């Protein structure tokens, strides 16, 4: 990839795609939409998508959204672009271990969960980022958070809860996993890894490496080798991180802060569930080795669900979201007893993921803003909000 670029996508053979409660796929012969096949994409329970389907290598790839809505269990389906047949389906969270595993990766994942997680669903939806890599014929899946959010509810006594908050590389022909890297093992804060992923080539350790770059919600910026998933860098892109102290490069795991445990002491934690960086598009300049993006330092108040604290049980709601956190008057009382909420601030900057420093960084007036686009001509375009909530250029 040369020059500034947003998310890389390969040319595709399908003119357009649409996913709803059922997935309808369309071709566009002579610019006229024609429904060529229809497939019910729902494995079980409620279903919706929030990210656009991707099409590459003769297939259409569809994820799903809203991991906290109903008993959601994440997966990605690849459809043959010509026939509409399911080519493969890759599950991102294991199901009932008493049933046969859908594919070998689920046997691996099951060993990292605890309790009766399958009764909750587990979350792990691919709600945004699916990126095709033509060089390695791979699909990179950005996996979302766990559901309910607290692992004490979702997976008591569990471990990493694979493949939550993970980047998974899948061979698009076989549907089998090449490698994975989990940014937030045992996700406990809604720290999705479904943010945009950029593909590039950089010099690292005296040699050129084909890399994947991502700034997920948890506040650390990751550089991975696209061929084998090796972690090359994991440095903070914000000072607003208190859930972890750093990422241990020997283990590849974040080191959680033992003083920030909301199960024991409800409290404000940064980043918030909206992340330090969320779905807003980023722009990678491969020539300069800089990532342009917006992020914000915002805290969220975390506490366990009141009913779970009192009874040790939690029920998934038939409607709405099942977060597993304290709500309503209970939450308000806990906030009154807690330390004050930290101040919020948003920024836009040019980040060097190898050094972990900004070439430049500017504060933004609003806490919530849009994505960015950089051009080869050196122009950066973004969209911000003023305090009046009116959109304006950054």
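Rule-based calculations on the coordinates, nothing more; no lab input. Here the structure is a predicted model, which is why all the values come from computation and not from measurement. Note: ideal-geometry Cβ built from the backbone for every residue, glycine included; neighbour counts use all protein chains shown.
Applying 0.36 nm per residue to the separation of residue 317 and residue 265 and subtracting their alpha-carbon distance, the gain on full extension is 16.2 nm.
Available extension along the chain between residue 207 and residue 345 is 45.9 nm, counting 0.36 nm per residue and deducting the alpha carbon span. When you count the other C-beta atoms within 10 angstrom of each residue and take the mean per peptide, 334-345, 168-179 line up highest first as 168-179, 334-345. Using a Gaussian network model of the chain in which every pair of alpha carbons under 10 angstrom is joined by a spring, one finds that among 124, 289, 157 the greatest mean-square fluctuation is at 157. Helical runs (DSSP H, four residues minimum) scored at -39500 (n - 2.57) apiece and divided by the length of the chain put the mean residue ellipticity at 222 nm at -1500 deg cm²/dmol. The alpha carbon centroids of segment 164-213 and segment 283-358 are separated by 22 Å. Sorting 217, 359 from the fewest to the most surrounding beta carbons within 10 angstrom yields 359, 217.
Comparing 194, 244, 81 in a Gaussian network model of the chain (Cα springs below 10 Å), the most mobile by mean-square fluctuation is 244. Sticking with the crude label model, points 7 Å out along Cα→Cβ, report the distance from residue 119 to residue 310 in nm, one decimal please. The modelled label-to-label distance comes out at 2.0 nm.
Over segment 240-350, what is the mean sequence separation of C-alpha contacts under 8 Å (at least six apart), divided by residue count, expressed as relative contact order in percent? Once normalised by length, the contact order is 27 percent. The GNM of the chain, with springs linking C-alpha atoms under 10 angstrom apart, assigns the highest mean-square fluctuation among 312, 121, 142 to 312. Can you give the FRET efficiency for residue 230 and residue 367, using 1/(1 + (r/R0)^6), R0 = 22 Å, r = Cβ-Cβ distance, to the nearest 0.05? After rounding, the FRET efficiency stands at 0.05. Listed peptides 253-264, 47-58 appear in the order 47-58, 253-264 once ranked by packing, highest mean of other Cβ atoms within 10 Å at the front.
For residue 108, project a label point 7 Å along Cα to C-beta. Then give me every residue of segment 126-162 with its amide nitrogen under 20 Å of that point. Hits in segment 126-162 for residue 108 at 20 Å: 126, 130-133, 136-146, 158-162.
What number, in percent, do you get for the relative contact order of the chain if the mean sequence gap of Cα pairs under 8 Å and at least 6 apart is divided by its residue count? About 13 percent, as a whole number.
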